[in-house]
Ligand code: NAI
Ligand code: MG
């Protein structure tokens, strides 16, 4: 079976996108990198170069920040009414829906995920995010504070300014939406740096941003590597805020880089989320849920349910159920309609995941199913259920970011909670039970930004998402995200 995608299988706009080198979007114009350099984007199903993209660096970041600063301070954007701003954001959501197929294809080609998944998840969720945030543009309000009859005092919520946004490759378009939505709703301007593995959908999004009618410089997209373009953006003295999603390791570098001008920072980082199954749970929905919690997006989710805690009496049943689900998964290229799991995003990620598998086995873990890289080309790895794992093992402590779950039995609920919370991360968790009070008690005890009850990976633009502990700072989506894109100004007048 050939895993290469022919241009005949592509939408014409997508074929054009991968057919010639892509420029960056700065100040409303399509420009080459100042250095003239480009870098390759690979098709993870084959490992072959699929497209060439402008390789932005410090100079391009400088140009983009300058454009974003000018757009923030002068011209159409700051003089626009909130309602006009909301309309532009709504229009962008509509354009994403209109161009769903092109965006889904680019996402599948660049990231490897099944095209069918990109069509029903990544792209519609991105459109929803903009539609949701469009409504907030007109609802950003301050307060009057009647602390004394001698004074009139009020607060204003003002846009924070020029925002640098650095996003990862696991949901390239959706992460761009999560970041851009609240920034635009509050009236900020943006320099967005997509991940080097998956730059294409952000560039098509920039075309749609121009088509929607956003003024030049409001959104700039600089493609390039993290260590160069990303680092320059994080350190830039004229950037007011940096918003980052990615590894905890780079999150810490962002904090250091931001210290130079004390820019505001929000971070959405790694996770090692506990997925807790009680013996009284509905068995079939739990098995399906525990399986998709780890295998959705090939486990490349910051909130993946990667530590599966199962009450002892149900352990064998749930483990074999999840293993059966894993066996049903059809691994293949994203464009194949039969594929339910594509390749990992990159060779680097494949190697990371395979190293974790080996580390697990060398520490005594066993795979009930999977456990290997798939032979042949492309970055495919088998969905894996590991047992005989314990909290001291690397595979239980560290984020694998692949389709690998560690299943562990429990008997005592207090010990379980302690073990579930014994992690440097605190992004998400879930509990499966028919006992409603137990469900909410566990939800309260988990030190995590999201807890799902009898479900997993349920996202909505209205639900805040983010981490405790080393899973991050701040929240994305929902009303909470807007506050992190504004400054509060207190105005106090003597009467
Ligand atoms: P990464 O953290 O290196 O990359 C994420 C983004 O940060 C990319 O846009 C990259 O270009 C940029 N970046 C990298 N180094 C930078 C620097 N020094 N300054 C500024 N920006 C920089 O993540 P990577 O290497 O792609 O994946 C490694 C691991 O990170 C994964 O295995 C996974 O565990 C975790 N990860 C977590 C994600 C999440 O959603 N929380 C998303 C992607 C990765
Ligand atoms: Mg990295």
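Read the figures in this text as sums done on the coordinates, not as results from a lab. Model, not experiment: these values are computed from the prediction. Cβ placement follows ideal geometry from the backbone for every residue including glycine, while neighbour counts extend to all protein chains displayed.
What the table shows:
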{"item": "Förster radius 30 Å - calculated FRET efficiency between residue 120 and residue 284 (Cβ-Cβ, nearest 0.05)", "result": "0.85"}
{"item": "The chain, helix-only ellipticity at 222 nm - DSSP H runs n ≥ 4, -39,500 (n - 2.57), divided by all residues, nearest 500", "result": "-11500 deg cm²/dmol"}
{"item": "Kirkwood-based Rg to Rh ratio, the chain, C-alpha trace", "result": "0.99"}
{"item": "Estimated FRET transfer efficiency when R0 is 45 angstrom, pair residue 441-residue 355 (beta carbons, to 0.05)", "result": "0.75"}
{"item": "At q = 0.24, 0.26 Å⁻¹, base-10 log of I(q)/I(0) for region 258-306 (Debye sum, equal scatterers on each alpha carbon)", "result": "-0.88, -0.95"}
{"item": "Least to most buried among 468, 456 (fewest other Cβ within 10 Å first)", "result": "468, 456"}
{"item": "Relative packing of peptides 401-412, 47-58, 329-340 - highest average C-beta neighbours within 10 Å first", "result": "401-412, 47-58, 329-340"}
{"item": "Prolate/oblate/rounded label for region 376-495 (Cα gyration tensor, a/c 1.5)", "result": "prolate"}
{"item": "Which of 136, 432 has the fewest Cβ neighbours within 10 Å, and the rest in rising order", "result": "136, 432"}
{"item": "C-alpha long axis of helix 200-212 to longest principal axis of the chain, angle in °", "result": "40"}
{"item": "Within region 280-294, backbone nitrogen closer than 15 Å to the virtual label 7 Å beyond the Cα of residue 413 toward Cβ", "result": "280-281"}
{"item": "Volume of the Cα convex hull of region 274-460, divided per residue and given in Å³", "result": "115"}
{"item": "Least to most buried among 158, 444 (fewest other Cβ within 10 Å first)", "result": "444, 158"}
{"item": "Relative contact order for region 1-133, counting Cα pairs under 8 Å that sit 6 or more residues apart, in percent", "result": "22"}
{"item": "C-alpha long axis of helix 82-98 to longest principal axis of the chain, angle in °", "result": "40"}
{"item": "Shape call, region 22-113: gyration tensor on alpha carbons, a/c limit 1.5", "result": "oblate"}
{"item": "Amide N of region 44-76 lying under 13 Å from the label point, which is placed 7 angstrom from the Cα of residue 489 along Cα→Cβ", "result": "73"}
